[in-house]
Structures are given as C-alpha cells and as structure tokens.
C-alpha cells in the first residue's frame, strides 16, 4: 500500500461522523474537494440568513429599517462620542449567539453651515477671510460688540478697516481687543467703528437634529504687521456633549416601540 492510498483512507475514515454532524446544519454540504465545507445557500430557493449591511445618514430611514427587520434578537448600540449608531439584527442571546452578518449603521452628516464653522474656528484668520465668513453666513449670524448688537455688514466692514498703530510702551496686557506687549513697541488694534466681540451662529449641526444657537467669541491678534482674527466656539466641549445626548434621545424615542434592545456604547 503506497502513501497515496494511506492518505485516501485517512481522509475518508471520518466521513460517517462528518455526515452525522452536517445533518443538523442547513445550507452546507460536503463536497469531494479535500473534505472542505462549501455553502450551498446561493443555490437554495431562499437564503438561510441575511448577509448585508445598511448604511445611512437619514434618521427616519435608519429607524424604519430597524422597525422592518427588528426582532427579539436585535440590539442597537449608540456611540454618542463618535456620533454613530449600529444595530445588529442577528446578535442572538448569550446561549444562542447569532452570526452578526446583518446590521444597520447610522453615521451623522454635518450640514454645510456647521462644517464651515468648524473649519474656520481656532485658527488665525486674515481680515479678508474673517469678513467674508461673516458676510457669507450673514442670514444666520447675529454679531455683537461690547456695546451691543451690530449689523453683519457693519461688522464685516469694521474687520476689513482694522489697522495696527504703534506706540512706545513697557507695559504688558493682553485682552480680546488688543495686546500691549512688554517691549519697546505697543501694538493695539484701532478701528473708527465698533469692533465685533462675538456672534451667534444659528444652524442645524447634523441632518435630522434640532437647530442650535452657537456662541462664537472673536479675538484679535496683533503680533503681526496686520491684525489677525480668531473665532472660538464658546464651550465647544459642552456643545458636543449636548449633541451626543440629543443623538441618544433620538434613538431611545425612535426605537422604543420596535422591541430592539438599546445600549449606549460601541461593539468592537
């Protein structure tokens, strides 16, 4: 008996036991290809389970999909840090886990206004760029100076007309509207018109969310030849926390009648 014959006997000796185990399974068959298991699901009249992932940025569509495919074995995980959600429809139970091959994923989509705001904050802006931003979103911006509200056109003009004056000094002081440095030169922003101190940016941050009034502080930087401006979202961390809470409330309320379990967190 040669080696090939011995190998053939070894490969076929376990066939009865394998057939016995396969009798309890659906959608697989034993084929003569090195005793490999192959799925026959694609040849059946219906599939044995879903193998698909639904991805959307639409809150109504995500909820509707959950309601259509939800069952007692489905679980939704809401990640408020990453502003995402994922429902696994075939998660199963601790003693009878599912395949986890059918899920729905929600990813928040920023609006154009909120994206533009986040792109421009916390950086040194030229007078031209700062003024153009205020003009571009003038219909949703309310600008204020230290003395009260001011029209957006006036605010943009005052930013464009701002100049740097020099004077001798040895004092040291820094504020939102000027900088006096402990050097031979005192540099301070001067403007004949009122200087904008802050603005309220009213927008919907993410599609499907409620509109919010976002307070943005304006600082003037006078360390260069020309004034620079810096926009800073006031209490930005709290804003993002509030948006995370809103996301949780949306899905807690939207899925409460679907029978789907919901957890705050993510699966990795």
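If the condition is being part of a loop (DSSP other than H, G, I, E, B), modelled with pLDDT of 90 or more and surrounded by fewer than 17 Cβ atoms within 10 Å (Cβ to Cβ), then segment 181-206 contributes only 204.
Take residue 149 and tell me if it is out of contact with any helix residue (DSSP H, G or I) (no Cβ under 8 Å at 6 or more places or on another chain), under 18 Å from residue 224 (Cα atoms) and at pLDDT 90 or above. Considered against the rule, which asks whether it is out of contact with any helix residue (DSSP H, G or I) (no Cβ under 8 Å at 6 or more places or on another chain), under 18 Å from residue 224 (Cα atoms) and at pLDDT 90 or above, residue 149 comes out as no.
Looking across segment 64-86 at every residue that is surrounded by fewer than 19 Cβ atoms within 10 Å (Cβ to Cβ), touching a residue at least 12 places away in the same chain (Cβ under 8 Å) and part of a helix (DSSP H, G or I), the one that is nearest to the chain's Cα centre (by Cα) is identified as 65. Among residues of segment 220-268 being closer than 30 Å to residue 195 by Cβ and assigned to a strand (DSSP E or B), the one that is modelled with the lowest pLDDT is 221. Criterion first (over 19 Å from residue 156 (Cα atoms), in contact with a strand residue (DSSP E or B) (Cβ under 7 Å, 6 or more places away or on another chain), surrounded by fewer than 19 Cβ atoms within 10 Å (Cβ to Cβ) and assigned by TED's automatic domain parsing to the domain that holds residue 265) does residue 99 satisfy it? Criteria not met by residue 99.
The values are calculated or read from the model by the stated rules, or taken from the named source; none is laboratory data. All figures in this text were calculated on a predicted structure; none of them were measured in a lab. Glycine also receives a Cβ, built like all others from the backbone with ideal geometry; neighbour counts cover every protein chain displayed.
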